[in-house]
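Visitor: Let me give you the structure first, and then I'll get to my questions.
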Amino acid sequence: MPSSSTIDLIGAPIEIGTSEPGAVMGPAALRTAGLVRVLQDLGFTVTDRGDLAPDGAQGERDLPAIRAWMTGIARAVETALDCGSLPLVAGGDHSLSLGSIDGVLRHCGRTGQPLFVLWLDAHADFNTLETSPSGNVHGMPLAALCGEPGFDGLFDGGERPLLDPRRVHLFGLRSIDAGERAIVTQRQVNIVDMRTIDEFGVVAPLRRILDRVAAEKGHLHASFDVDFLDPTIAPGVGTTVPGGATFREAHLIMEMLCDSGLVGSLDVVELNPFLDERGRSARVLVELVASLFGRRILDRPTELPPLEA
């Protein structure tokens, strides 16, 4: 089970990082699909903090607006962790992770825990201002968090903690820009791409990641982008890439994360209800979140029973 029995649901209706409108409706769609009720039915105490609305950021796309969003999200996440709750940030485009992970970094800086990030996404999101073909900030959060140049203006003033790129695990990658490829190689980012999953499945690669986090007594932040899934399962996203994770693979990942007890914070991002089919993607996401927080068909035995002769 996740590391806390209390959850702070933080809505981040942000689409400042993408050119595709609609992600701003993501938090509302997740609530409508029953996210709070499902978590409460699993025995968690859920406090819905509502949707963040940073001063002066509504409808703006300039640097001060981005910084206002990131500061607001970081503070909400840091406060939740400091109070012993697990922050679940519902988005909103993936630029929100600039704020959520910054908040986790600040908390871990005080507790002394190393932070690991499991990035469940079709994309690396490691572009810089120079390498990005589109200029969209939702393709840059990991580069910014890991200290690549050009991003200091996105964060609140003062010295900020940096994410160690060697503790970032990209999982399900199947689309990467040329500039990103060079950076992630130089920074020794860990990658499990879809070729690896096709060859070995999700169990062995994910178990290695979880074993590493457990060995270092780390805090695991999971960031789940809808486009991690194959678009035939979850079409409600503006950055679809064919060949994504299957419904069963995604559930198995969530179940393994639950069993590990290592997840201390979570993002669910890039849900775009405007592109969805009658709420299909939102319902799938709620089901997957339920698996991460302990929903199962049967209680699993600690070992398999012997085969009958």
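The values are calculated or read from the model by the stated rules, or taken from the named source; none is laboratory data. In this text the structure is predicted, and so the values were computed from the model without any measurement. Because the Cβ atoms are built from the backbone with ideal geometry, glycine has one as well, and the counts that use them run over all protein chains shown. For the accessible areas, the whole protein counts, side chains as well, though only heavy atoms, and no ligand, DNA or RNA atoms are used. Shrake-Rupley method; radii C 1.70, N 1.55, O 1.52, S 1.80 Å.
Visitor: Give the carbon-plus-sulfur fraction of the accessible surface of segment 224-303 in %, rounded to a whole number; probe 1.4 Å, heavy atoms of protein chains only.
Guide: 55
Visitor: Using only helices, what value at 222 nm comes out for the chain when you add -39,500 (n - 2.57) per DSSP H run of length 4 or more and divide by the total residues, to the nearest 500 deg cm²/dmol?
Guide: -11000 deg cm²/dmol
Visitor: Where Rh denotes the Kirkwood radius from the mean inverse Cα pair distance, what is Rg over Rh for segment 233-297?
Guide: 0.98
Visitor: Please report, as a whole percent, how much of the solvent-accessible surface of segment 37-166 comes from carbon and sulfur atoms (probe radius 1.4 Å). Please report the intermediate quantities before stating the final value.
Guide: Details: 2380 of 5090 Å².
Of all accessible area on segment 37-166, carbon and sulfur atoms account for 47 percent.
Visitor: Net charge within 14 Å of Ile183 by Cβ-Cβ distance, Lys/Arg positive one each and Asp/Glu negative one each, not counting Ile183 itself?
Guide: Taking every Cβ under 14 Å from that of Ile183, the sum is -2.
Visitor: Let me ask another. Taking N as the number of residues in segment 1-96, what is its Cα Rg relative to 2.2 N^0.38 Å?
Guide: So the Cα radius of gyration is 1.10 times the expected 2.2 N^0.38 Å.
Visitor: Moving on to the next point. With a 1.4 Å probe and every protein chain left in place, work out the accessible area per residue of segment 90-178 in Å², rounded to a whole number.
Guide: Working: 2770 Å² over 89 residues.
So segment 90-178 comes to 31 Å² accessible per residue, rounded to a whole number.
Visitor: Restricting things to alpha carbons, tell me how big segment 58-130 is in terms of Rg and Dmax, in Å.
Guide: My reading of the Cα-based Rg and Dmax gives 13.2, 39 Å.
Visitor: List the GluC sites (Glu not before Pro) within segment 203-296 that fall in a DSSP loop (any state other than H, G, I, E or B) and whose Cβ has at most 13 other Cβ atoms within 10 Å.
Guide: Details: sites: Glu216, Glu249, Glu255, Glu270, Glu277, Glu287; in loops: Glu216, Glu270, Glu277.
Sparse-neighbourhood loop GluC sites (Glu not before Pro): Glu216, Glu277.
Visitor: Between segment 237-266 and segment 23-102, what's the alpha-carbon centroid distance in Å?
Guide: Cα centres, segment 237-266 to segment 23-102: 19 Å.
Visitor: Computed over the Cα atoms of segment 98-171, what is the convex hull's projected area averaged over all directions, in nm²?
Guide: 5.0
Visitor: Taking the Cα-to-Cβ direction at Arg110 and at Phe247 and moving 7 Å from each Cα, how far apart do the two end points lie in nm?
Guide: 4.3
Visitor: Sticking to Cα atoms, compute the Rg of the chain to one decimal and its Dmax as the biggest Cα-Cα distance, whole number, in Å.
Guide: 18.1, 71
Visitor: Points 7 angstrom from Cα along the Cβ direction at Thr185 and Leu162: gap in nanometres?
Guide: 2.2
Visitor: Please work out the FRET efficiency for the pair Thr196 and Gln40, using the Cβ-Cβ distance as r and a Förster radius of 30 Å; give the result to the nearest 0.05.
Guide: The pair Thr196/Gln40 has a calculated efficiency of 0.25.
Visitor: When the gyration tensor of segment 121-274 is built from Cα positions, what are the square roots of 5 times its three eigenvalues, in whole Å, from largest to smallest? Walk me through the intermediate numbers first.
Guide: Working: eigenvalues 115, 81, 45 Å².
The equivalent ellipsoid of segment 121-274 has semi-axes of 24, 20, 15 Å.
Visitor: Excluding ligands, DNA and RNA, what is the solvent-accessible area per residue of segment 197-288 at a probe of 1.4 Å, expressed in Å²?
Guide: Numbers: 3550 Å² over 92 residues.
Using a 1.4 Å probe on heavy atoms only, each residue of segment 197-288 averages 39 Å².
Visitor: Taking N as the number of residues in segment 77-201, what is its alpha-carbon radius of gyration divided by 2.2 N^0.38 Å?
Guide: 1.06
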